[in-house]
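The values are calculated or read from the model by the stated rules, or taken from the named source; none is laboratory data. Treat the numbers as computed from the prediction; the structure is a model and nothing was measured. Positions of Cβ are generated from backbone atoms using ideal geometry, with glycine treated the same way; all protein chains shown enter the neighbour counts. Just so you know, the surface numbers come from the protein's heavy atoms only, side chains and all, with ligands and any DNA or RNA stripped out. Shrake-Rupley method; radii C 1.70, N 1.55, O 1.52, S 1.80 Å.
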Amino acid sequence: MAAMPEHDFLVSGERAALGLLRRDHLPQLAVWFNDPDVRRGLAHRGVVNEDGEAQWYEELTKAGASPRPSAVGFAIHDSADGELAGVCGLEDIDHNFLRAEFGIYLGHRRGTGIGTDATRLALDWGFTMLGLRNVMLESYAFNEQAIRAYERAGFRVIGRRRDCVLALGRRWDAILMDATAEGFESPALGRLQP
């Protein structure tokens, strides 16, 4: 079996590159996932060890291996130096209605544009490679930095679910956002279209 290349990027942007998730990423992802600064914007409340990350990885890679995947996950790298910066993906992919849900977390290098670029690249993959027409996400009202990054990537606020989240010791609204293929400008993969 041939060794994996050091940087197995699938698509690259200005600040971020999306690559294959690999088993050797799991120890770092588990550390980041349990970091309070990282998980403050995540819905998951449990503590995850490397075994939990391995279970998530197995489920995700199985879901993504189908010709009609129900999920696709990406390792996020800083395109400047190739360093692992986080993870993102499209989940609950519905090939009948051509829609999915988006999720992301960055372990470090937040506030540098990597998250915005990675989000744009994941949308590009969903719209161009998977033929999706709509991608939705849910954020928390207090996570204003993430909401601005999602808007820069192409998402728009479509609603607010009031008082539905318990996070950081109090109740919060969830902000519902979506992006559509119509009007989305491909940052990388559009060049493949005839």
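Observations on the structure shown:
- Whichever residue in the stretch 53-90 is open to solvent by 40 Å² or more (accessible area, probe 1.4 Å) and of a type in the set (D, E) and, among such residues, is nearest to T119 (Cα to Cα): E83
- Checked against (1) open to solvent by 10 Å² or more (accessible area, probe 1.4 Å); (2) over 11 Å from the mean Cα position of the chain (by Cα), L132 passes all but a single condition, namely (1).
- Just one residue in the set G111, G107 is open to solvent by less than 30 Å² (accessible area, probe 1.4 Å) and closer than 23 Å to E138 by Cα; that residue is G107.
- In the stretch 152-167, residue nearest to the chain's Cα centre (by Cα) [restricted to those that are in a strand (DSSP E or B) and not charged (D, E, K, R)]: V157
- Evaluated against (1) at pLDDT below 95; (2) open to solvent by 30 Å² or more (accessible area, probe 1.4 Å), R160 falls short on exactly one condition, (1).
- Top-ranked residue in the stretch 170-184 [being out of contact with any helix residue (DSSP H, G or I) (no Cβ under 8 Å at 6 or more places or on another chain) and over 19 Å from A146 (Cβ atoms); ranked as most open to solvent (accessible area, probe 1.4 Å)]: E182
- Residues of the stretch 114-129 satisfying the condition of being open to solvent by less than 20 Å² (accessible area, probe 1.4 Å) and of a type in the set (V, I, T): I114, T116, T119
- Scanning the stretch 128-151 for residues that are at pLDDT below 95 and in a loop (DSSP other than H, G, I, E, B) turns up A141, F142, N143.
Conditions tested, residue by residue: (1) without any contact (Cβ under 8 Å) to a residue 60 or more places away in the chain; (2) of a type in the set (V, I, T); (3) within 25 Å of G46 (Cβ to Cβ); (4) open to solvent by less than 40 Å² (accessible area, probe 1.4 Å).
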| position | (1), (2), (3), (4) |
| --- | --- |
| A141 | yes, no, yes, yes |
| A149 | yes, no, no, yes |
| F155 | yes, no, no, yes |
| S186 | no, no, no, no |
| R191 | yes, no, no, no |
| P194 | yes, no, no, no |
